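Read-outs throughout are calculated quantities, based only on the coordinates presented, and are distinct from any laboratory measurement. On a predicted model such as this, the values are computed, not experimentally measured, just so you know. Methodologically, a virtual Cβ is constructed for each residue, glycine included, from the backbone with ideal geometry; neighbour enumeration extends over all protein chains shown.
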Amino acid sequence: MYIELHARSAFSFLEGACTPEDLVHAFAAHGMPSMALLDRDGLYGTPRFYLAAKKLELTAHIGAEVTAPAGRRYCLLVASRQGYQNLCRLITRMKLRVKKGEGAVELDELREAKEGLICLTGGDEGLLAHALRTGGTEQAAKCLRELCAIFGRENVYVEVQRHFSLEEERRNQAAIALAHSMQLPLLATNGACYATPDQREILDVFSCLRHHRVLANAGRLLSYNSERYLKSPAQMSALFADLPEAIANTVELASRLKFTLKDLGYQFPVYPTPDNESQIEFLRARTWEGMVHRYGTGNERAVQQIDRELAVIEKLDLAGYFLIVWDMVRFCRENNILVQGRGSAANSAVCYSLGITAVDPVSMELLFERFLSEQRGEWPDIDLDLPSGAQRERAIQYVYQRYGQLGAAMTANVITYRGRSAAREIGKVLSFDPETLNRLASLVSAWEYIDSKDTLTRQFQDAGLNLEQHRIQKFFELCQTVQDLPRHLGQHSGGMVVCQGQLDSIVPLEPATMPGRVVVQWDKEDCADMGIVKIDLLGLGMMAVLEDSLRLIREHYREEIDLGRLPANDLAVYSALQRADTIGLFQVESRAQMSCLPRLKPKCFYDIVVQVAIIRPGPIVGKMVHPYLNRRLGREAIESLHPSLESTLARTLGVPLFQEQLLRIAMIAAGFSGGEAEELRRAFGFKRSEARMKEVEIKLRRGMESNGIIRETQDKIVRSITSFALYGFPESHAASFALIAYASAFFKCHYLAAFTAAMLNNQPMGFYQPATLIKDAQRHGLRFKPIDVASSDWDCLLEEAPDGFRVRVGLRYVKGLRKEIALQMCDQRRIRPFDSIEDLKQRVPEIHKDEFRVLAAVGALNFISSKKGFHRRDALWQVERSSRWSGPLLAGHPLTENQSGESSPLDCMNPEERLNADFRGTDLTIGLHPMAYQRKVLQRHGISPAVQLPSFADGKFVRVAGAVIARQRPGTAKGFVFLSLEDETGVANIIITPQLFDERHTTVVHHSFLVISGVLQNQDGVVSVKARAVEPLLTASAEMQSHDFH
Amino acid sequence: MAFAAIFVPNFRLQAVVRCEPELAIRPIALIDGPPPTYQVVAVNRLAARLGVAEGMTKAAATQFPGVEIRPRGKLQETTAHAVLLDVAWSFSPRMEDTAPDTVLIDVDGLASLFGAHENIAASIVSKCAEMGLTAQVALAENVETASVVARALPGATVIPEGREAKFLESLPVHMLSLSKELCEVFERWGVKTCKALASLPVISLCECVGQEGVRVHTIASGNGIRSLVIAEPAHCFEEFFELEDAVEDLEPLSFLLGRLLDQLCARLAARSLAVRAIHLHFTLQPSFESAFDSCSEAIRKKELFSDYVCAFELPVPCRDAKLLLKLVRLRLQSTPPHAPVQKIHMLAEPSFPRVTQGGLFVPEVPDPEKLELTIARIAHVVGEGNVGSPQLMDSHRPNSFRMHRFSVASASAQQVDRNGKMETKIGFRAYRPPVLTKVNLRGGRPINVAFLGRSGEVVHASGPWRTSGDWWEEDPWQQDAWDVEVNFPYETPPSQGFYRICFDSRQKKWFVLGAYD
C-alpha cells in the first residue's frame, strides 16, 4: 500500500492544476485510504479537500508548503490539533507582516511552531534539493541536521520523488545515501500537482502566467513531462521497487497524522452576560422584553412561537450567537446606523422580538424551520442590511474592535477563472495576436440573452475562427478545463467570521487590500461547511437613502419618523404602486416590475411581498406569473395543486411563489419534517448534484405516493420545486425587502423633497440615472434649484420656500470637481461670501482650471457676481482670465475691479446651449427636458408625448420619441429587447422584437434619442408600444446616459 | 511676398484611392483604431450620402449595403505625403512641410516661370492631379490666410491683397488649427466663426487665453505675418504598392518589383545616393478580414507567417535596378512566399556610393562583403537557417538547437569545479539524424540493440528519462531515453560502447541518439 503525502491543488495558485475534489476522486479511485494536501503558503483548499474525502469516507491529511528564505520551502504535515494551530499561526504571522504574496518564515518562528508538525524534505523546491544544488552533500547534511534539531529526528522524513528525470535521480541517490548515513527514514512521494496526466497542460499554462511568458518562449520553465499526476500505489511501488521502505513509510507516517478538520476546535464567542447569568437566560429575558414591545401582551400565538424557538435555540446551544447579533444591532441603533436583518432570519419571532428583523413571522405565518432546524446541524444565517458606505464600515470596525484583529475577519471570496478573463489569459499564453484575442474574448456573450442558435461552433465560425484548427481547439479545451479553478483570493463584500479564542488558530489569516482589515483563507461557503459562524454585513444603497431621508425630515420637516411604525395601508403609497409610479422605489422600479404592478394592483402589505417575489427567474421560468395574475383578476379559477395544499397556497391563490411554500408542500404532501424539507431545497439549490437530487426526488415521490397523490400531481409538484429551489425568493426575504420598498414609497409620496435629495446623494444606485430621478420628481411637483457655489453644498440640500421645499443640487454633480475642493469652497463661503470669481480663485487656490471651467459652464458661478444679467459666458470669460498665471511681476497682485471687469464681450448661451452644457457638466438638467425643445416639431410629425399613450385605444398605431433611459434584454424574454423612452411628460415603454433588433441593432444600441413607430398595447392598464420601426432622432443633441443591462 | 498653401482634403482616403483609382467611384469608408473597436476615420462623398459618418464603429458601417470598408493605409499615407512634398519641391525649394496633408510654398519669383498667381495656383492643382491627388490651393499675401483658405475652399483660390479678412469671416474657428484646449474654450464661449473671433478685444483675449489667442486673432483678422519653416529634403526612400488582386506568380510580381526598384533608384540617383540595403515586405493573402486563417497556416507550418519579409544587405552600395531585381528574384525563387502577395512595401537604405582604393602593401584577404556573398550563396543552396553556428535552445526537447549568424567564436574558458580542479566532462557524439535501431526489452528495460549493422547486448541500462512537450503545437513530442552500456560480442575483436537510445512515443520507434566518448 502507498499513500500520497505530498500533493498540490490549484489553491497553490498557479502551481497546481486541479481542484481538491479532483485529487480526492483520484485517490479514491486508486484505493488509497487517505492522502495529504500541501498547498503553498495556505490552507485555502483544505475544507473542500476534507469535505470531498469525508463524503467518500476517506481521510484527508492536512499540510502546507511554507516559503522559507531564498525561495526554498518547508513541507509540513499536520499530526495533531496543536500542529494544525501552529501551522495556521505560522502562515498568519508570515502573511500579516508583509505585502500580499510576499514573505517567508524564519527559523525562529519555525522552532516556536514545531509542535505537532512533521517535516518532509520536499521535491524540486524543497530544502534538501536546494542544499544539494548550492552546496553539495555537505550542505545537504547540514540542512538535515538543522531540521532534526528543530523537529526531532522522528519527525523528519527524507523525501524521494521520481519523475523520470536524470537530474532528479542524481539528487535522489545523494539523498538516499544521506538518509542511510544519518539513519533518517525515506519517504516516497510523487509531489503531485494534478490528478490526471492531461492536466499537465493547465499547469504549463499556469507556469506561463506566473512567469509572464507565453508557451512558445517559456522553454524550461514548463514541465519536462506529464509525470506529476496522482499515481496509483502499484505505479509507485514499481517506481520505488529498489526502495520498498520508502513506500512502506508512507503508510506508517499516515497513521501518525491523527488530525482532520473534524477536530477544528472552533468556538463561537461567548456573550459576556452581566451577573453571571447564563446566555440562554439572558437571551430569554431580552426576547420577552422585545416581545412585549413588538406584540404587546396577550398574543398567545407569538408566545407559543417564541417558546418553541427558544427551546430549539437552547437545545442547539445557539444563545450566544443570537446575543452577539443582537449586540451588533444594538450598536448600530445606538449609533444611528440603520440596520435590518433579512434572509431566513426574518422567519424567526425571536429575531423579530430582538429587533434584528422587522417582519412579523407570526402574523405572516412564516416557517421557522427555513431558518433553524434541529436536523440540519448548521449555524443559522443572519444577514444584516446596512447603509452602504461609511456607516457599514463603522459596523465592521465595531466587530474588529469587539473581538480583536485576530478574533474577527472578513471571509474570502475565491475568484475563479471564468468567461472572458479566462479566454483572454489563455489566448495570450497561446500567442494569439491581439485581434484574434479580442475576437475570442468577445465570444463570451455580453448580452444576458443567448440565442438558441448560438452554438459554440457557430460562435467561433462567426468570429472567423475554425474549431478544427489545433490551436483553436486547444484554446477551447483549456478554457473549458480552467473554468472554476481558483485564480486569486478576494475579499467577500460583507461576510465576517468571529471566533472565541484566536481565529488565527482555526484558519490562516491574510491582510486585505483595504487597510485595517484581515481576511481568512476560506470563502463563505467553506466557513459555513466548517461550522464557522458567518455574519453578513451587507451594504444596501436604499438603506442609506432611508437613513438620509430620516435625517432630512428631522432637520427640515421637524418630524421624527420611526421606520418600524410607518402608517400601514397608506392610500397614497398603494395608489402610486397601482399606477406603477415607482421610479426610484426599492425593488419595484424596474421595467418588469412596472409592467406587473397595474395588473397586480397591490392593496395591502402582503401584495407588496408578492410583488417583490413574483418578478424573479423562479416564478417566471416556472410559469407562475400569469396564472397568479389571472387568478387575481378573476379570469381563472383558484385551484390548488392538491386539496391538502389548499391552506398552504391559499394566500398566493393556489400558485406557489415562495420557497417556504415549497417546504410546506413537501411537509404536507410527502410527510417531510422541517429539516428534511430544507434539505430538499438545498439539494435542488445552489450546489446541485444530480445524484442527490435524484435521491431526494425518490424520497419525495415515495412520500406523496403514500399520501395518495396521483402521478400527474406529483409531476407538477416536483416541477414547481425544481424551478423554485434555485431562483425563488424566500417569503421572509421578500417580506424584508417589501418593508424597505414600502418605506421608500412612503417617503416618496409624503416627503418627496427629502427622499429625492437622499436618492441623489447616494448615487449610483437603483435602476435610473439621476437625470431621470429629477425629471420624475419635477413631474410630481418638486422644484429644484441650480448648482451654485454661493449656496450649494457637496450634497444636495433642502431649501425652504413659501410653497414647499426645493432641492438645491449639490456640487457632487459637477463632473471632475474634487470633493476636497468643493468642501474648501463651502468652508470659505461660510467665513465670508465670495464677492467675485477672482476672489474665489484667491481663496481656493488649489482649484484646477478644468474644475473652474465646468463650474462656470453649468452656471454655478452665475450668482457670485453682483452684476445683474451676469451669465454663464461672462463667468467662462472671467474664469479664463483669472486662471492665467500673471507672471512673477504681478504675482500676488489681484486684478483691480476695473481690470477684472465683470462683463464680457460674449453672447449669453441660448437654451439649447445651456441644456448641452448642463448634460456635459453634470449629466442632468433641472431645466426643460431635451425633448421639450423639440415638441412643436415632433407634433407636426405626429409624434405623441408619453403622457398621452394611456388615453389611446389598444391596437392604435402611434409614434413616440424620447431619450433612452434603459435598455434591457432579459434572459427570460426570448430575445425581446425592452426600452424605456423618456420625454418631458413621462416614460414610454417600448418592446422590440428580436427580428427588428437584428435589423436595427446599431440604432437601438448606440443612439441616445429614438423615434419609435408601432402598435400601442394597453393591457390591464399596462401601456407599451410594440415597435415596427426605429429611427434615430438626430435633432436632439444632449449627452444623456442610459442604464443598459447588456 | 506671396505664398501658396496646398491642402489635400480627406487625405487618408485620397492616399488609399491614389493606389486604387477605381475606388473613387465606389462608396468607401476607412476604419482605424484598436481592434475590435474599429472606427470609421474617413469616408468619401458617396459613402457619406448613404449615411456612413466618421466616428461610427465598423459594425455600424457594415450595416450600410454597398459600402466598401478598408483599413486605413498608413504606409499609403506616407507615400502620398512624399508625393505631396515632391510636388512642392518641383515648384519651389522654399517649402514648409506643415502637415501630412498640407504644404506651404513661397511663390515669389515664380511669375516668370508660371505667369500670374491664378496660373501658379492652377498649375499646382493640375500637378497634384497628375500625381493622383485632388488638392485645394490658395494663394495669399500671408501664409496663414493661404493655409486657412486652402483648407476651406475647393479648387484654386487667389486672395487679393487687403481682402483676407473678407475671405475668412464666415469660416469656422476650428479651421485655424487651434490647440485642443483653445478650441474647447472658444466652443464654450460660443465663438464659432473667424468674424466672431476677430471682433473680440485683443487685449482682453490675451488676458484670457494668452499669446495663442493673439495669434489666432491675428489670423482670423487676415493679418498673419509669420514666415515659412523651410523643410529639409527627406532621407527615407520607400515605395508602397497594394494590389487589387493578389499576385501569385513570380513573373507579374517581378514586373511590379522592377517598377518599384526603378523608381527608388531614380530617386536615389537624383540625390547622388546608392542602395545599401533593400527591405522587402509582402503582406500575403488572405488579408485583413480573415487574418487568423493565415495565422492558422502559420501554426501548421511554423516557418510561414501572414507576412513575408526579407532583407538584402548589399556588399557594396549600388543603384543598378536590374542587378537588384536579379537578387530579389533569386531570393524569391528559393524561398517563395507561401501565399499570393497582396501588398508590397519596399524600403531602400541609402548610402553614399563606395569609392575605395586597395592598399599597395596590404595582404589580400577575403573581402568581408565577398564572405557575405559567399554565405548568401551557400544559404541559397542549403536553405535559409541551415548555415551559421548552432546554438542550444531553452527547451526540454533533446538536441534542440537553432542556427545563428556565423561569427568567429572566442575560445571558451575551461570550467573549474568548486575545489579548483578541472571539471571532467563526458563527451557525447550526437548522430544527426538519429539512427534507427531495433531494441528488445525485458521487463520494460532494453536488453539488446541492433543498429548500423551491429548487434549488441545491453550490459547496463539507466532510464527511462522521459521528456515531452509542445503539446499546444500540431507536432507534440514525447520520448523515453536510456543510457546503455552495450557489448558487441560478435565483433572481432569484441568491443563495447556507451550510447543514448530513445523510444519516440509518437513514431513508436527506437533511435540511437549518439555515443558517449
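Below are the figures for this structure:
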| item | result |
| --- | --- |
| Nitroxide proxy distance, nm - points 7 Å out along Cα→Cβ at residue B:192 and residue B:327 | 6.1 nm |
| In degrees, nearest ten, helix A:300-315 long axis to first principal axis of chain A (Cα) | 30 degrees |
| Low-density loop positions, GluC sites (Glu not before Pro), segment A:601-655 - DSSP coil, at most 14 other Cβ in 10 Å | A:639 |
| Cα-based Lys proximity count in segment B:3-220, under 29 Å, for pairs eight or more positions apart or on separate chains | 10 |
| Projected-area mean, chain A, by convex hull of Cα positions, square nanometres | 51.7 nm² |
| Label-point gap, in nm, between residue B:442 and residue A:275 - each point 7 angstrom along Cα→Cβ | 9.2 nm |
| Amide N of segment B:435-455 lying under 12 Å from the label point, which is placed 7 angstrom from the Cα of residue B:504 along Cα→Cβ | B:435-437 |
| Computed lengthening from residue A:868 to residue A:148, 0.36 nm per intervening residue step minus Cα-Cα distance | 250.2 nm |
| Under-5 Å amide H pairs with residue A:1028, H placed in peptide plane, nonlocal only | A:1013, A:1014, A:1015 |
| Residues of type lysines that residue A:868 reaches as a straight line, Cα spacing below 20 Å, ignoring anything fewer than 8 places off in the same chain | A:785 |
| Kirkwood Rh, Cα atoms: Rg over Rh of segment A:534-587 | 1.03 |
| Filter on A:114/A:231; A:100/A:262; A:114/A:258 - keep pairs with C-alpha separation over 19 Å | A:114/A:231; A:100/A:262 |
| Cα-based shape type of segment B:3-220, given that a ≥ b ≥ c are square roots of the gyration tensor eigenvalues and the cut on a/c is 1.5 | oblate |
| Charge dipole of segment A:506-662 about the Cα centre (unit charges at C-beta), most positive-ward option of A:625, A:552, A:513 | A:625 |
| C-alpha long axis of helix B:117-130 to longest principal axis of chain B, angle in ° | 30 degrees |
| Residues residue A:948 and residue B:48, FRET efficiency given R0 of 41 Å [Cβ-Cβ distance, rounded to 0.05] | 0.65 |
| Taking all pairs of distinct alpha-carbon atoms in segment A:283-409, Kirkwood radius in angstrom | 15.1 Å |
| Mean ellipticity per residue at 222 nm, deg cm²/dmol - from DSSP H runs of n ≥ 4 across the protein assembly as shown, formula -39500 (n - 2.57) | -12000 deg cm²/dmol |
| Nearest-0.05 FRET efficiency for residue A:251 and residue A:81, computed from C-beta distance (R0 22 Å) | 0.50 |
| Additional length obtainable on full extension of the chain from residue B:452 to residue B:491, 0.36 nm per residue less Cα span | 12.7 nm |
| Listed residue pairs exceeding 21 Å between alpha carbons, taken from A:603/A:775; A:54/A:524; A:775/A:974; A:99/A:428 | A:603/A:775; A:775/A:974; A:99/A:428 |
| Relative contact order %, chain A, counting alpha carbon pairs below 8 Å whose residues are six or more apart | 9 percent |
| Amide H partners (placed H, <5 Å) of residue A:187, local residues excluded | A:158, A:159, A:160 |
| Rough spin-label spacing in nm, given labels placed 7 Å along Cα→Cβ, for residue B:400 and residue A:939 | 7.8 nm |
| Beta bridges by DSSP in the protein assembly as shown, antiparallel share as percent, to the nearest 5 | 80 percent |
| Fewest-first ranking of B:145, B:134, using other Cβ atoms within 10 Å as the exposure measure | B:134, B:145 |
| Dipole of segment B:3-220, positive end: most advanced residue of B:147, B:165, B:13 [Cβ charges, Cα centre] | B:13 |
| Overall form of segment B:428-516 per C-alpha gyration tensor (a/c, 1.5; a/b vs b/c) | prolate |
| Sites residue A:137 and residue B:471 - FRET efficiency at Förster radius 25 Å, r taken between beta-carbons, to 0.05 | 0.10 |
| Loop-located chymotrypsin sites (Phe, Trp or Tyr not before Pro) in segment A:362-411, at most 12 other Cβ atoms within 10 Å (DSSP) | none |
